[in-house]
Amino acid sequence: MEDIFCRIIKGEIPSTKIYEDDDVLAILDISQTTKGHTLVIPKLHYDNFLSCPQEVMHKVMDVAQRIGQAEISLLHARGVNILTNVNEAAGQSVMHFHVHVIPRYNGGEGFQITMKGQDTSGMDLPRLAMDISKAMKKE
Ligand code: 5GP
């Protein structure tokens, strides 16, 4: 079954469009976590950021950057979170690659990212870094 963003792209479901070109669509998120919360979506279906071809991903990120800049200048946001969730374990609920652009105003919003550090004394961080480095796909 098609996901909701495929249907929005085909025009079967209405959306509030901010930007559109041949490859990318940007719309207001229906939830408006903060005022201006935007989704930047490739028109072709890719499940997530990791499975999206680099060229398409670059086009999506270019639009996300420009929308973030516009939200700072137009809406006077004090900051912007740019994020994309990959898989359910990371909170992805629509399995069609999209980037959230979330303007931040005063910190008291219904959106917070908290990164709690953990005890790293039992971890071999240089080894971990080397292993991840080796596992990276060649360009
Ligand atoms: P995820 O949890 O996959 O990272 O984000 C999915 C986002 O899509 C959520 O923020 C949700 O509010 C938004 N969303 C879900 N359905 C619709 C819809 O029909 N229209 C719009 N504009 N946004 C939607």
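Past 30 Å, Cα to Cα: identify those pairs from K10/K59; K35/K137; K17/K134; K10/K116; K10/K35, in the order given.
The answer is K35/K137; K17/K134; K10/K116.
What FRET efficiency do you get for V94 and Q54 if R0 is 25 Å and r is their Cβ-Cβ distance, rounded to the nearest 0.05?
0.70
Calculate the dipole size of the chain relative to its Cα centre from +1 charges on Lys and Arg beta carbons and -1 charges on Asp and Glu beta carbons; express the result in debye to the nearest 20.
320 debye
Normalising by the residue count of region 1-84, find the relative contact order in percent from Cα pairs under 8 Å and 6+ residues apart.
20 percent
Quick one: the Cα spread of region 4-138 along its three principal axes, in angstroms, biggest first?
50, 36, 25
With the contact rule set at Cα under 8 Å and sequence spacing of 6 or more, what percent relative contact order holds for region 28-139?
Averaging sequence separation for qualifying contacts and normalising by length gives 32 percent for region 28-139.
Show R104, R7, R127 ordered by accessible area, largest first, where the area counts protein heavy atoms only and the probe is 1.4 Å.
Sorted descending by solvent-accessible area, the residues read R127, R7, R104.
For region 80-139, what is the Kirkwood hydrodynamic radius in Å, using each pair of distinct C-alpha atoms?
15.2 Å
Anyone know which of D21, D119, D29 comes out most mobile in the 10 Å Cα GNM of the chain?
Between D21, D119, D29, it is D119 that shows the largest mean-square fluctuation.
For every helix of n ≥ 4 consecutive DSSP H residues, a contribution of -39,500 (n - 2.57) applies; sum these over the chain, divide by its total residues, and give [θ] at 222 nm rounded to the nearest 500 deg cm²/dmol.
Helix contribution divided over all residues of the chain: -9000 deg cm²/dmol.
Using a simple spin-label model with points 7 Å from Cα along the Cα→Cβ vector, what separation in nm is obtained for I30 and M136?
Once both label points are built, they end up 3.8 nm from each other.
In a Gaussian network model over the chain where Cα atoms closer than 10 Å are linked, find which of M61, M95, M123 has the largest mean-square fluctuation.
Between M61, M95, M123, it is M123 that shows the largest mean-square fluctuation.
In nm, give the distance between the simple-model label positions of R7 and S73, each being 7 Å from the Cα along the Cα-to-Cβ direction.
3.6 nm
Using Cα springs under 10 Å in a Gaussian network model of the chain, which residue among K59, K116, K17 shows the largest mean-square fluctuation?
So, out of K59, K116, K17, the one fluctuating most is K116.
Considering only protein heavy atoms and a probe of 1.4 Å, how much of the accessible area of the chain is carbon and sulfur, as a whole percent?
Using a 1.4 Å probe with all protein chains present, the chain comes out at 56 percent carbon and sulfur.
Calculate, for the chain, the solvent-accessible area per residue in square angstrom, rolling a 1.4 angstrom probe over the heavy atoms of the protein chains.
On a per-residue basis, 68 Å².
Any chance you could look up the accessible area of I72 with a 1.4 Å probe, heavy atoms only, rounded to 10 Å²?
70 Å²
The values are calculated or read from the model by the stated rules, or taken from the named source; none is laboratory data. Fair warning: this is a prediction, and the values are worked out from it, not measured in the lab. When we count neighbours, we look across all protein chains shown, and the Cβ atoms used for this are built from the backbone with ideal geometry, even at glycine. Just so you know, the surface numbers come from the protein's heavy atoms only, side chains and all, with ligands and any DNA or RNA stripped out. Shrake-Rupley method; radii C 1.70, N 1.55, O 1.52, S 1.80 Å.
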